[in-house]
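Colleague: Okay, here's the structure, questions in a sec.
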Amino acid sequence: MVFLNPGFPEENATGSFWANVTLFMEAAAADLDIELVTVYAYRNHILMKSLTAEIAAQKPKYVVLVNEKGMALNIIKQLATHDIAIFMLLNNLNKQDLSLLTVKERSYLIGSVIPNNYSAGKKLIDGLLALYFSKNKSAIAKVEKENALSVLALQGDYTTPASLDREQGLKGVLKANSNVSLIDSTVANWSKKQSFEKVTGILQHADINIIWAANDAMAFGAKKAVLAAKIDHPIYIGGINWDVDDSDYPVNISFGGHVALGAKSLVMLKDIDNNSLKMDSRHQALDIFESSLSPYYHDFTQRLNLKKLHGYDFSRFCQSSTQPLVFSIESLAEVFNSPMTN
């Protein structure tokens, strides 16, 4: 089995998310007796396309694929000519791309697991608003009267489904809160450096209360810019990924947990390979996101940072388990060093 990871094998300007996805997958592969090979595209969609030929030459039974920057369509078409089955992880095809696949090509899409990114975008802005008002109770009346609360949004990119869906979740909340204004929305390509540069420029001409970032790396960049600008009022900053361990530029809140879905993809593939997963359960969308204020956050991120994921018993999520568990952050906490662990 091959995982075509669109990111980097180590932490970089876009964060450590994709390296951590691999760590979860490797831990699950060891539990499930799966031979996993990970190939990295270094967030280079041109490289991602060229790697496809190399992967096809290996003739794996399954390829786990991410629809990064809309590249999946061409990759699926190429792999289908080699009769290789494809499992979509974290970012799936949109309806338009699906319509461009032939019936035969579509038959090679045997499963998918994606997080509810709309919910992530919504939860993040809700969490930031709740934090802002809990710390600034006097601001509530002012906002209601003067439409005074301003939000800056930092988007990941223009095409990746996760970025687009998170943006829609943000916009849904703002539409329902007419007293909150979106001052600016800009793409920073998931990058701490680009976020720092863009936020630095925006702060020179805009008064910002909240910065909503589609990932934590951009949130860190925003925090760095805010500190450098020496703003005389608090700006609440949040992101997505549960990378909130940057001691130099700590942010207020983050939503994450979806990094573990790489492990879920292998659980599903194991079940598919054993023909034990029903057809109507082979494509799943999970609302897995939890707040960094969650009671599960500390242990989850500490285990990940220390690379101690072997303590999870991922077999407990397989259909072959006596009582298969629903995949969630709470369930992961339950199966860590479980008495049933082999």
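The values are calculated or read from the model by the stated rules, or taken from the named source; none is laboratory data. A quick note: this is a predicted structure, and the numbers were derived from the prediction, not measured. Neighbour counts are summed over all protein chains in view; Cβ atoms, including those assigned to glycine, are modelled from backbone coordinates with ideal geometry. Just so you know, the surface numbers come from the protein's heavy atoms only, side chains and all, with ligands and any DNA or RNA stripped out. Shrake-Rupley method; radii C 1.70, N 1.55, O 1.52, S 1.80 Å.
Colleague: Exposed loop trypsin sites (Lys or Arg not before Pro) only (DSSP loop, at most 12 other Cβ atoms within 10 Å): please give the longest stretch of the chain free of them, not including the sites.
Modeller: 138-229
Colleague: Search the structure for amide H atoms under 5 Å from the amide H of Ser254, placed 1.01 Å from N in the peptide plane, and list their residues when 5 or more places away or on another chain.
Modeller: Counting only residues 5 or more places away or on other chains, the set is Gly239, Ser292, Leu293.
Colleague: Which one, Asn209, Asn179, Asn136, has the greatest fluctuation when you compute a Gaussian network model over the chain with C-alpha springs under 10 angstrom?
Modeller: Maximum among the listed residues: Asn136.
Colleague: With springs only between Cα atoms under 10 Å apart, run a GNM on the chain and tell me which of Gly70, Gly239, Gly201 wobbles the most.
Modeller: In the Gaussian network model the winner is Gly201.
Colleague: Assuming 0.36 nm per residue, please report the length gained on full extension of the stretch Thr186 to Thr200 beyond their Cα-Cα distance. Kindly include the intermediate steps, with their values, before the conclusion.
Modeller: Working: separation 14, 0.36 × 14 = 5.04 nm, distance 1.26 nm.
Stretched out fully, the Thr186 to Thr200 stretch lengthens by 3.8 nm.
Colleague: Could you tally the net charge around Gln319, taking each other residue with its Cβ under 14 Å from the Cβ of Gln319, Lys/Arg +1 and Asp/Glu -1?
Modeller: Values: positive: Lys264, Lys270, Lys278, Arg282, Arg316; negative: Asp271, Asp273, Asp280.
Net of charged neighbours comes to +2.
Colleague: Let me have the relative contact order for the chain, percent, based on Cα pairs under 8 Å that are six or more residues apart. Intermediate values should be presented prior to the final figure.
Modeller: Working: 652 pairs, mean separation 61.8, N = 342.
After rounding, I find 18 percent.
Colleague: What value, in deg cm²/dmol to 500, does the helix sum -39500 (n - 2.57) over DSSP H runs of n ≥ 4 give at 222 nm once divided by the residues of the chain? Can you show the working numbers first?
Modeller: On the way: 13 runs with 147 residues, N = 342.
Using -39500 (n - 2.57) per qualifying helix, the result is -13000 deg cm²/dmol.
Colleague: Say R0 is 30 Å: what FRET efficiency, to the nearest 0.05, do Thr81 and Ala30 get from their beta-carbon distance?
Modeller: Working: r = 32 Å, r/R0 = 1.06.
My answer for the efficiency is 0.40.
Colleague: For region 59-107, compute Rh as the Kirkwood radius over C-alpha pairs and then the Stokes-Einstein diffusion coefficient at 25 °C and 0.890 mPa s; write the answer in µm²/s, rounded to an integer.
Modeller: Values: Rh = 10.8 Å.
Approximately 226 µm²/s, per Stokes-Einstein.
Colleague: At 1.4 Å probe size, with the rest of the protein present, what percent of the exposed accessible area of the chain is carbon and sulfur atoms? Let's see the in-between values first.
Modeller: Numbers: 7690 of 15350 Å².
Looking at the chain in its full context, I get 50 percent from C and S.
Colleague: Between region 206-256 and region 1-75, what is the separation of their alpha carbon centroids in Å?
Modeller: When both Cα centres are located, 29 Å separates them.
Colleague: Hey, which of these cross-link pairs are over 29 Å Cα-Cα: Lys193/Lys230; Lys59/Lys122; Lys61/Lys171; Lys122/Lys278; Lys104/Lys171?
Modeller: On the way: Lys193/Lys230 18 Å; Lys59/Lys122 41 Å; Lys61/Lys171 41 Å; Lys122/Lys278 31 Å; Lys104/Lys171 37 Å.
Exceeds cut-off: Lys59/Lys122; Lys61/Lys171; Lys122/Lys278; Lys104/Lys171.
Colleague: Charges at C-beta only: +1 for Lys and Arg, -1 for Asp and Glu. How large is the resulting dipole of region 170-291 about its Cα centre, in Debye rounded to 20? Walk me through the numbers before you get to the answer.
Modeller: On the way: 12 positive and 14 negative charges, 52 e Å.
With only Lys, Arg, Asp and Glu charged at Cβ, the dipole is about 240 debye.
Colleague: May I ask you to give the solvent-accessible area per residue for the chain, in square angstrom, as obtained with a 1.4 angstrom probe? Spell out each step's value before the answer.
Modeller: Values: 15350 Å² over 342 residues.
Each residue of the chain exposes 45 Å² on average to a 1.4 Å probe.
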